[in-house]
1. Given the condition farther than 27 Å from Val165 by Cβ and at pLDDT 90 or above, answer yes or no: does some residue in the range 211-224 qualify?
2. Quick one: in the range 158-186, of everything that is of a type in the set (Lys, Arg) and surrounded by fewer than 20 Cβ atoms within 10 Å (Cβ to Cβ), which residue is farthest from Gln26 (Cα to Cα)?
3. Name every residue in the range 178-189 that is part of a loop (DSSP other than H, G, I, E, B) and in contact with a Leu (Cβ under 9 Å, 6 or more places away or on another chain), in order of residue number.
4. Out of the range 98-114, which residues are free of Cβ contacts under 8 Å to residues at least 60 places away in the same chain and of a type in the set (D, E, K, R)?
5. Does Ile171 satisfy being under 13 Å from the mean Cα position of the chain (by Cα), in a helix (DSSP H, G or I) and at pLDDT 95 or above?
6. Where residues in the range 40-97 are without any contact (Cβ under 8 Å) to a residue 24 or more places away in the chain and in a strand (DSSP E or B), which of them is farthest from Gly149 (Cα to Cα)?
7. Starting from residues that are in a loop (DSSP other than H, G, I, E, B) and either hydroxyl-bearing (Ser, Thr, Tyr) or surrounded by 23 or more Cβ atoms within 10 Å (Cβ to Cβ) (or both), keep the ones in the range 120-157 and report whichever is farthest from the chain's Cα centre (by Cα).
Amino acid sequence: SLNGDVRLLTPDAVEGWSDLVHCPSQRLLDRLVRRYAETKDSGSFLLRNLKDSERMQLLITLAFNPEPLVLQSFPSDEGWPFAKYLGACGRMVAVNYVGEELWSYFNAPWEKRVDLAWQLMEIAEQLTNNDFEFALYLLDVSFDNFAVGPRDGKVIIVDAENVLVADKRLIRQNKPENWDVWYESKFDDCDKEACLSFSKEILCARVTVDHNYYAICQNLLSRHATWRGTSGGLLHDPPAEIAKDGRLEALLDECANPKKRYGRFQAAKELREYLAQLSSNVR
């Protein structure tokens, strides 16, 4: 049905094929087609301008591993925190090597870990709130899905296969039930590594969602983060004066497992500011 003289890739044709298009808008699909790099006529959002083979390649990629399309549609050149897409040969994709995984910094000096934690919270903010009004929700968050540039020390997402994109403009336009009620993710204490609880349907239907803050705090930063037999998260063993002050631990706890209503939204904001302040103190 998508061959021949089909003008546009439409939501009803591909909805639910993968996380990327679990709830696609026409605006998102036009962006995917326009930025699809494996075609002579890159830059057009018209599906009919792609050759049949290019169209099939695009659709198979969208269904089986949409990661290359995430990297092309939200490119690092425009400031998105993803690895840089270099090109493809058939189904083999090349991306730039960023550096060592975040995991290798688990026992780095405190100053370094504070800086990485601040960058992770900034990434959560950027993917949630940006000028494009696309919310990119990370559904798989672990220490191996991020890497750190050896020269600039920049944190980059190196596994973008499980990213759900919700179009906030479309949600505002369609106004599904409770669309404007802030959504708080449920803390998931599952005794396994990298657990996350989420409802894709809710991520697709609310404008204000705390999922990314929750994912980063629970799985990477707080004492609840477990990975490869370790516990305590990236900010384990803070210096005595910070541990004594107690503010960092309180913010991390509230961000991972909030006690107050909408507590995570506030804690995430304060945590970003506090980490920025700690980071500038040690720079």
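The values are calculated or read from the model by the stated rules, or taken from the named source; none is laboratory data. Everything quoted here is computed from the prediction, not taken from an experiment. When we count neighbours, we look across all protein chains shown, and the Cβ atoms used for this are built from the backbone with ideal geometry, even at glycine. Only protein heavy atoms, including side chains, enter the accessible area calculation; ligands, DNA and RNA are left aside. Shrake-Rupley method; radii C 1.70, N 1.55, O 1.52, S 1.80 Å.
1. Yes: one or more hits.
2. Lys186
3. Ser185, Asp188
4. Glu100, Glu101, Lys112
5. It is false that Ile171 is under 13 Å from the mean Cα position of the chain (by Cα), in a helix (DSSP H, G or I) and at pLDDT 95 or above.
6. It comes out as Cys89.
7. Ser142
Matching residues to (1) in contact with a Pro (Cβ under 8 Å, 6 or more places away or on another chain); (2) among the hydrophobic types (A, V, I, L, M, F, W, C); (3) at pLDDT 95 or above; (4) closer than 29 Å to Ala37 by Cα:
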{"site": "Gly87", "(1), (2), (3), (4)": "no, no, no, yes"}
{"site": "Gly90", "(1), (2), (3), (4)": "no, no, no, yes"}
{"site": "Tyr105", "(1), (2), (3), (4)": "no, no, yes, no"}
{"site": "Asp115", "(1), (2), (3), (4)": "no, no, yes, no"}
{"site": "Trp118", "(1), (2), (3), (4)": "no, yes, yes, no"}
{"site": "Ile123", "(1), (2), (3), (4)": "yes, yes, yes, yes"}
{"site": "Asn130", "(1), (2), (3), (4)": "no, no, yes, yes"}
